[in-house]
Amino acid sequence: MDKSNKAKLEVELIPVKSWGKNVQAVVPQKIWLDLRWKFKAARFSRDLAEPVRDHLVCEICNEKYADLHLDEIWNFDNAKQIQKLVGLTAICEKCFNAIHFGRAVKLGLGEAAKEQLMKVNNWTEEQLNTHLENAMKLWQTRNEFNYELDLTWLQKENLVQDDEIQWSSLNKPNEVYDGIGADQMLRYLFSAGKL
């Protein structure tokens, strides 16, 4: 897809085998809190050495909030089966739910997530439905792969040292991960007659 035509807010369904395989799962809590401060997703620094921020601004919708999610931006390489971290972004709850649409549906927030997608992207309902269908097809393709996690972006950006990444955390059984997810979107699309 041409980046110039890319929507500002898109659904990003994480493949089932990648659930729970993320930065927060493999770095110590203190590092995660430092990352949240650095990327302006937190009002307070971990050690309170920095001044308190009056407000935080979502990097997608530009609305002001008291608290934001630090969301990971991934690139999936199917040929090499690599899930590569390419950035971190501070986003609001509404945009977080739109990106993680399957989770939002499971929590009863699917309609609000759709509204946010339409609002931020200035989409019609038809454009929204096309996007959701394409996101589901991409998710189904990605579910065929067992991606290896690449977090080298953290080292390149001098955010985390290699010895601070706790790779053994990725060996937890899948059932301990958040079972809320894209499978709910699949059920939603089937029930809505979209697939």
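Quick check on this structure: which one of Asn134, Asn146 is under 29 Å from Ile82 (Cβ atoms) and at pLDDT below 95? Steps first, please.
On the way: Asn134 fails: at pLDDT below 95.
Answer to the check: Asn146.
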> Leu189 passes all but one of (1) within 26 Å of Val27 (Cβ to Cβ); (2) at pLDDT below 95; (3) surrounded by 14 or more Cβ atoms within 10 Å (Cβ to Cβ); which number fails?
Replying inline: (1)
> Are any of the residues in the stretch 103-118 under 16 Å from the mean Cα position of the chain (by Cα) and within 16 Å of Lys21 (Cβ to Cβ)?
Replying inline: yes
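Name the residue that is farthest from Val11 (Cα to Cα), counting only residues in the stretch 73-87 that are in contact with a Leu (Cβ under 9 Å, 6 or more places away or on another chain) and surrounded by fewer than 18 Cβ atoms within 10 Å (Cβ to Cβ). Give the derivation first.
Within the stretch 73-87, the subset in contact with a Leu (Cβ under 9 Å, 6 or more places away or on another chain) is 73-76, 82-85.
Adding the requirement that they be surrounded by fewer than 18 Cβ atoms within 10 Å (Cβ to Cβ) leaves 73, 75, 82, 84.
Numbers: Ile73: 12, Asn75: 14, Ile82: 20, Lys84: 17 Å.
Per the stated criteria, the residue is Ile82.
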>> Against the definition (touching a helix residue (DSSP H, G or I) at 6+ places or on another chain (Cβ under 9 Å) and either modelled with pLDDT of 95 or more or outside any helix (DSSP H, G or I) (or both)), how does Leu70 come out, yes or no?
In response: yes
>> Checking the structure you have, find out if any residue of the stretch 20-33 is in contact (Cβ under 8 Å) with a residue 60 or more places away in the chain, more than 15 Å from the chain's Cα centre (by Cα) and in a helix (DSSP H, G or I).
In response: yes
> Which residues, counting only those in the stretch 44-67, are surrounded by 13 or more Cβ atoms within 10 Å (Cβ to Cβ) and modelled with pLDDT of 95 or more?
Replying inline: Val57, Cys58, Glu59, Ile60, Cys61, Glu63
> Of the residues Glu59, Glu10, which is under 23 Å from Arg142 (Cα atoms), touching a residue at least 24 places away in the same chain (Cβ under 8 Å) and in a loop (DSSP other than H, G, I, E, B)?
Replying inline: Glu10
>> Which condition from (1) in contact with a Cys (Cβ under 7 Å, 6 or more places away or on another chain); (2) surrounded by fewer than 19 Cβ atoms within 10 Å (Cβ to Cβ) is the one that Leu9 breaks?
In response: (2)
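Restrict the check to the stretch 37-50 and report whether at least one residue is of a type in the set (Ser, Thr, Tyr) and within 22 Å of Val86 (Cβ to Cβ). Please lay out each step first, then the result.
Going residue by residue through the stretch 37-50, those that are of a type in the set (Ser, Thr, Tyr) are 45.
Applying the additional criterion that residues be within 22 Å of Val86 (Cβ to Cβ) yields none.
No.
The values are calculated or read from the model by the stated rules, or taken from the named source; none is laboratory data. Since this is a predicted model, take the numbers as computed values, not measurements. So basically every Cβ, Gly included, is an ideal-geometry build from the backbone, and we count neighbours across all protein chains shown.
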